[in-house]
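Visitor: Take a look at the following structure, please.
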Amino acid sequence: MQNFFEKQKIMYWTLELASKLEDAPWPASKDELIDYAIRSGAPLEVIENLQEIEDEGEIYECIEDIWQDYPSKEDFFFNEEEY
């Protein structure tokens, strides 16, 4: 019998992990993203996170479709006029 933690895998993302998918062939299916992560040498955590996605044949347009908290380029916008 599996213990609680083995049964309840929790998907977690960090900026470093999610950035490994920036150059993925978007739009992509879950299987295509897993294949890309394996071929590109992404850390095992990225592949495990992708495998944890409950998939109903969806096509993902960008990393934000997988991890809603992924910072966009606007989050890093620096307005030189303010300084």
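Visitor: Can you spot a residue in segment 5-26 that is in contact with a strand residue (DSSP E or B) (Cβ under 6 Å, 6 or more places away or on another chain) and either in a loop (DSSP other than H, G, I, E, B) or modelled with pLDDT of 95 or more (or both)? Walk me through it before giving the result.
Guide: If we filter segment 5-26 for residues that are in contact with a strand residue (DSSP E or B) (Cβ under 6 Å, 6 or more places away or on another chain), which is where we start, we get none.
Taking every residue of segment 5-26 in turn, none turns out to be in contact with a strand residue (DSSP E or B) (Cβ under 6 Å, 6 or more places away or on another chain) and either in a loop (DSSP other than H, G, I, E, B) or modelled with pLDDT of 95 or more (or both).
Visitor: A follow-up question, please. Find the residue count for segment 36-58, including only residues that are over 16 Å from residue 18 (Cβ atoms), in contact with a strand residue (DSSP E or B) (Cβ under 9 Å, 6 or more places away or on another chain) and not small (Gly, Ala, Ser).
Guide: 2
Visitor: Would you tally the residues in segment 23-35 being under 17 Å from residue 57 (Cα atoms) and either in contact with a Pro (Cβ under 7 Å, 6 or more places away or on another chain) or surrounded by fewer than 16 Cβ atoms within 10 Å (Cβ to Cβ) (or both)?
Guide: Total meeting the criteria: 5.
Visitor: Another question, then. Go through segment 42-72 residue by residue and tally those that are open to solvent by less than 60 Å² (accessible area, probe 1.4 Å), in a loop (DSSP other than H, G, I, E, B) and not small (Gly, Ala, Ser).
Guide: Final tally of qualifying residues: 7.
Visitor: Search segment 11-26 for residues that are at positive phi and pair each with any residue that is at pLDDT 95 or above when their beta-carbon atoms are under 6 Å apart and the residues are at least 6 apart or on different chains.
Guide: Final answer for the pair search is none.
The values are calculated or read from the model by the stated rules, or taken from the named source; none is laboratory data. Note that the structure is predicted; figures quoted are calculated from it, not measured. Glycine also receives a Cβ, built like all others from the backbone with ideal geometry; neighbour counts cover every protein chain displayed. Ligands, DNA and RNA are excluded from the accessible area calculation, which covers all protein heavy atoms including side chains. Shrake-Rupley method; radii C 1.70, N 1.55, O 1.52, S 1.80 Å.
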